[in-house]
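Q: Dropping a structure here in structure tokens format, bear with me for questions.
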Amino acid sequence: MQNSDSKDAPILTPEMMAKLDRLELVSRKIFRGRMKGERRSKRKGQSVEFADFRNYVSGDDLRFIDWNLYARLDRFYLKIFLEEEDLHFHAIIDDSLSMDYGTPSKLLAAKQLAAGLAYIGLCRGDRVRITRFSGLDGDSPIMRGRASTHRLLQYVSSVQATQVPPMTDVIKRFCIRNTSKGIVVLITDLMDKTGYESAMRLLVARELDIYIIHLLSPEELHPDIKGDLKLVDCEDGDQREVTVSQQLLRRYQQTLGAFVEQAKSFCNRRSITYVPAQSDQAADLLIAQYLRQRGLIR
Amino acid sequence: MSWMNSLGAWQWLLLGSIPPLIFVLYFLKLRRQPLEVPSTFLWKRTIEDLHVNSIWQRLRQNLLLFLQLLFVALVILACLRPGLNGDQLTGRRWIFLIDNSASMQATDVSPSRLEVAKAKAREKLSTMNRGDVAMLLAFSDRADVKQGFTGDKRRLMAALDAIAPTNRTTDLSEALRAAAGLANPGRASFNNINDVQVADALPATIFLMTDGGFPPNADFDLGNLTAEYIPIGNPTADNVSILAFSIERNEEKPTQIEAFARLSNEGLEPVSVTASLYFNGSLLDAAQANIAPESESGVNFQLTDLQEGELRLEIDRPDNLMVDNVAVTALRPSRQTNLLVITPGNKALETAVATERIQKLSNVRVEAPEFMETPEYAKSNEDASYDMILYDQCSPKVMPNANTLFIGSSPPDPSWTFSEPQGPVFLDDWDKTHPMMQFLELGSVRVVEGRTVKPPESGSVLITADIGPVCSIAPRGPFQDAVLGFSLIKTTDTGAEVNTDWAIKRSFPVFVYSAIEFLSGGITAAAAQTVLPGQPMGLTLSNRYEQFQIQKPDGNRETVSRGQQSQLVFTQTELPGIYQVFVDGRESPVEMFAVNLFSARESNLDVVPELPLGAENVAASKAVTRGRSEFWRWLIAIGFLLLIAEWIVYNRRVLV
């Protein structure tokens with residue numbers, strides 16, 4: 001079922017990039033960036049956008065005193081401006097072997113989604129970093145600005161399916177390495193036998209704006225198999241003997257539905273935006289329509 | 001509710017093994033095809049939900065298995081043929097008479113007439129309804145009840161299959177009597193139909209499957225029977241047969257032997273055949289015969305210098321009946337017997353035993369009564385070295401180990417009773433059927449004085465005179481004793497006087513010859529006797545041996561013992577060919593006889609259009625009405641196969 005053709009497919013086409021140019025990443029929380037960016041911050045600071053007035057207290061910067069008001073009222077008032085900051089955007093790609101499955105493969109879809117979202121961030125001057133499950137030094141360099149598009153695509157293209165540590169370890173490592181706040185988009189199939197819950201809790205504790213794109217292939221959603229089969233897990237080689245009957249397939253659908261529902265409710269309870277997706281959906285469409293509805297994109 | 005078994009033991013075994021087989025099929029580890037999936041995570045959960053690892057859980061949910069087991073149970077139930085007994089007590093009664101005589105081996109209909117008859121009977125049997133009963137008889141020259149009245153079709157079919165062809169001739173009367181036994185009860189005889197009927201008659205229908213070829217049964221009355229004649233065979237069948245085959249030694253030239261055969265063409269075309277004569281398996285001579293349709297022709301062969309052995313005549317032309325294309329006979333081993341004549345002096349008797357023919361038959365030794373006192377006599381008696389001892393006017397102290405003929409004296413055996421001498425004696429009657437009395441004319445014989453001879457209970461009287469029986473014969477263990485109540489010469493005070501004029505009549509040497517031939521068991525005729533297959537063969541063998549081994553044409557040997565009989569009757573003569581009689585200690589046979597199908601009726605393959613049964617003529621019916629063939633067993637078998645197919649399809653081709 002692994003699809004080798006999809007490995008050679010382009011990550012972002014010029015048409016897709018043209019569509020994504022106009023979009024902007026939105027965070028529900030206002031975070032403090034490290035550099036001044038094109039984004040308004042909760043922090044009042046030096047900017048052209050006026051926010052409010054307040055009474056002068058000693059020690060305030062004399063440059064922000066509104067002299068016109070002093071002339072009219074004979075009292076010092078300070079003009080407060082909204083400070084503009086940059087946004088930290090992290091995309092975490094699950095590059096486990098199970099992702100290299102489906103037509104087109106889930107990994108390709110994940111790469112396209114990550115690249116698309118990262119490209120939007122780059123266009124808006126956000127701080128973009130892409131992380132993958134495998135390898136300690138496998139994270140991308142921090143990218144900023146449209147000029148980094150080439151580096152972004154190069155990195156995303158190099159991501160291949162491989163053996164990965166459990167999701168909890170991956171997220172723990174991510175949290176240690178990235179202390180800044182911002183948006184995290186986790187693109188995964190959640191097929192981790194050790195469970196995804198503890199990993200999610202770690203992310204939630206960092207007060208990040210978390211999005212989970214739950215990618216499943218059409219073959220997983222509606223398996224087209226029949227007869228007496230020995231199912232072999234491509235990650236750990238685990239074998240299950242099944243006699244596929246109508247009844248068993250019905251059961252599978254029920255189990256899958258319960259799994260998806262469980263993930264959704266787990267995320268909702270923790271303010272994580274859960275986005276189910278299929279690997280055969282076009283990435284640009286998913287971003288432009290679906291994620292827009294969910295508020296990640298404007 | 002009643003049950004009827006419709007399957008055999010092995011069929012039940014097969015059927016009984018199906019439910020466990022289905023059960024096993026459900027739990028058999030299948031060779032599964034490996035398929036790689038991204039994760040067995042969800043499947044594991046799914047399977048756990050189903051609890052497939054628990055057999056009983058799996059069984060509980062497996063409706064298909066229960067349906068299949070139910071289906072098999074129904075099939076088994078169907079095979080027991082459950083049913084309700086109806087009001088009607090008896091249905092039809094059928095009697096199948098199936099001819100298995102030699103002519104039914106004819107191959108003018110494929111594969112043979114007998115097989116066709118069996119097939120027709122099978123067809124008819126298959127139409128039997130519940131309540132009907134049938135009886136199965138095979139007949140040739142005797143009737144053989146293969147299966148008595150029964151409604152069990154399986155037993156009838158098995159009995160039908162067991163009917164094998166015979167080489168016998170045909171005689172319907174015995175079969176008809178057996179068949180009529182139940183239909184016309186209480187008959188004391190078939191000639192008198194006015195006797196009292198003691199039981200209710202049970203009318204029945206006879207299906208007679210034969211090609212005819214038997215003598216008419218004029219004295220048979222069908223009574224309550226209805227006969228249906230189903231002719232078997234093709235009237236245009238082609239057959240050339242040997243109707244007779246015999247050999248004769250030339251009286252003038254004893255080394256020359258003539259062989260005759262009578263050939264018959266039963267076909268509708270003239271034929272030219274070659275008859276080949278084999279002696280002990282090697283070709284001796286051959287003769288060509290042209291035979292017109294439905295007529296006979298003869299062939300003869302002149303043979304010289306032949307010792308004992310088997311002569312076989314073969315027609316080298318294939319036809320519809322091969323069993324009558326071969327005939328056999330044998331040149332018998334000549335055997336001289338030992339004869340002891342003890343007489344005080346009797347010219348007539350000595351002359352009679354000195355004839356050329358008796359000399360050929362026996363080594364004759366004549367001794368005076370004093371010889372009985374010698375140790376040589378005692379030893380010969382012990383060794384049974386004489387086949388026959390003739391005591392003239394004298395008797396031994398104990399009966400010897402030999403056949404005896406007493407002339408004018410009495411054996412030392414209290415079971416024989418004699419009267420005082422009386423005279424004159426007039427001979428009234430003599431048993432011409434006895435081999436000793438054949439060709440005798442005694443009416444003119446005059447006897448001066450004689451005694452009546454009353455044999456023991458097992459004996460029989462040969463000559464009866466006005467004073468009573470004067471000549472009798474009786475068995476004594478394996479031996480025969482014959483006693484003549486009057487002597488040829490009467491010894492008086494004045495010397496020897498003639499007691500009868502029999503000695504000067506022609507019948508006397510004939511009597512002596514017959515008596516010696518019968519009692520000593522000598523062989524003079526060149527040709528072996530021949531009988532029809534299945535007919536008993538009477539053999540007069542030397543009394544020196546108690547046990548004989550008879551070798552059949554197929555090489556099997558049968559040990560027979562003479563027992564208390566003077567003549568050995570051998571009945572196992574089914575196979576045509578040469579039968580040889582051996583005794584222990586002798587390599588060459590002591591006697592031979594032949595079994596041949598010399599029957600013009602059997603060789604004639606015509607199918608009679610009408611069968612005369614008593615006063616009625618039964619016309620041939622076209623064929624047995626074709627009955628309804630039952631297919632339910634086949635349907636069940638197909639249904640069962642479908643069920644298996646459905647199971648496979650259900651599991652392999654699930655439409656998602």
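The values are calculated or read from the model by the stated rules, or taken from the named source; none is laboratory data. A quick note: this is a predicted structure, and the numbers were derived from the prediction, not measured. We place every Cβ from the backbone using ideal geometry, glycine too, and count neighbours over all the protein chains shown.
Q: What helices (runs of 4 or more DSSP H), lying completely within the range B:22-105, carry at least 1 residues that are away from every other protein chain (no Cβ under 14 Å) and at pLDDT 80 or above?
A: B:63-79
Q: Answer yes or no: is there a residue in the range B:430-438 that is touching a residue at least 60 places away in the same chain (Cβ under 8 Å), under 21 Å from B:Ser458 (Cα atoms) and crowded, with 20+ Cβ neighbours inside 10 Å.
A: Yes.
Q: So, one more: Which ones in the range B:539-555 are over 22 Å from B:Leu361 (Cα atoms) and modelled with pLDDT of 85 or more?
A: Selection gives B:Gln549, B:Ile550, B:Gln551, B:Lys552, B:Pro553, B:Asp554, B:Gly555.
Q: Only one of (1) farther than 26 Å from B:Gln336 by Cβ; (2) modelled with pLDDT of 90 or more is not met by B:Phe406, so which one is it?
A: Checking B:Phe406 against (1) farther than 26 Å from B:Gln336 by Cβ; (2) modelled with pLDDT of 90 or more, the one that fails is (1).
Q: Residues to consider are A:Leu202, A:Leu248; find the one that is in a helix (DSSP H, G or I) and within 7 Å of chain B (Cβ to nearest Cβ).
A: Just a single option satisfies the conditions, and that option is A:Leu248.
Q: Restricting attention to the range A:174-196, and to residues there that are surrounded by fewer than 18 Cβ atoms within 10 Å (Cβ to Cβ) and more than 14 Å from chain B (Cβ to nearest Cβ), which single residue is nearest to A:Ile272 (Cα to Cα)?
A: Checking each candidate, the answer is A:Cys175.
Q: Yes or no: A:Leu97 under 16 Å from the mean Cα position of the chain (by Cα) and over 16 Å from A:Ile171 (Cα atoms)?
A: Against the criterion (under 16 Å from the mean Cα position of the chain (by Cα) and over 16 Å from A:Ile171 (Cα atoms)), A:Leu97 does not qualify.
Q: Between B:Leu321, B:Leu349, B:Leu405, B:Leu339, which is closer than 27 Å to B:Thr530 by Cβ and touching a strand residue (DSSP E or B) at 6+ places or on another chain (Cβ under 9 Å)?
A: So the residue among B:Leu321, B:Leu349, B:Leu405, B:Leu339 that is closer than 27 Å to B:Thr530 by Cβ and touching a strand residue (DSSP E or B) at 6+ places or on another chain (Cβ under 9 Å) is B:Leu321.
Q: Let me ask something else about it. Out of B:Glu420, B:Glu382, report the one residue that is assigned to a helix (DSSP H, G or I) and among the acidic types (Asp, Glu).
A: From the options B:Glu420, B:Glu382, the qualifying one is B:Glu382.
Q: A follow-up question, please. For the range A:251-280, give me each residue that is at the interface with chain B (Cβ under 7 Å from one of its Cβ atoms) and either in contact with a Gly (Cβ under 9 Å, 6 or more places away or on another chain) or under 30 Å from A:Ile183 (Cα atoms) (or both).
A: The answer is A:Leu256, A:Phe259.
Q: Another one. Since A:Thr243 meets every condition but one in (1) touching a Gly at 6+ places or on another chain (Cβ under 8 Å); (2) buried (at least 19 other Cβ atoms within 10 Å of the Cβ); (3) at the interface with another protein chain (Cβ under 9 Å from one of its Cβ atoms), which condition does it not meet?
A: (2)
Q: Quick one: is B:Ile489 among the aliphatic types (A, V, I, L, M) and out of contact with any Ser or Thr (no Cβ under 7 Å at 6 or more places or on another chain)?
A: Spelling it out, B:Ile489 is indeed among the aliphatic types (A, V, I, L, M) and out of contact with any Ser or Thr (no Cβ under 7 Å at 6 or more places or on another chain).
Per-residue answers, yes or no, for (1) exposed (fewer than 14 other Cβ atoms within 10 Å of the Cβ); (2) more than 27 Å from the chain's Cα centre (by Cα):
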position: A:Arg206; (1), (2): no, no
position: A:Glu219; (1), (2): no, no
position: A:His222; (1), (2): yes, no
position: A:Lys226; (1), (2): no, yes
position: A:Gln262; (1), (2): yes, no
position: A:Val275; (1), (2): no, no
position: A:Ile287; (1), (2): no, no
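Q: In the range B:253-274, which residues are surrounded by 15 or more Cβ atoms within 10 Å (Cβ to Cβ) and outside any strand (DSSP E or B)?
A: Result: B:Glu266, B:Gly267.
Q: Let me ask something else about it. Go through the range B:337-375 and give me each residue that's surrounded by fewer than 20 Cβ atoms within 10 Å (Cβ to Cβ) and within 19 Å of B:Val498 (Cβ to Cβ).
A: Listed by number, the residues that qualify are B:Pro344, B:Gly345, B:Lys347, B:Ala348, B:Glu350, B:Thr351.
Q: Does the range A:75-93 include one or more residues that are modelled with pLDDT of 85 or more, surrounded by fewer than 16 Cβ atoms within 10 Å (Cβ to Cβ), away from chain B (no Cβ under 14 Å) and over 22 Å from A:Asp126 (Cβ atoms)?
A: Within the range A:75-93, one or more residues are modelled with pLDDT of 85 or more, surrounded by fewer than 16 Cβ atoms within 10 Å (Cβ to Cβ), away from chain B (no Cβ under 14 Å) and over 22 Å from A:Asp126 (Cβ atoms).
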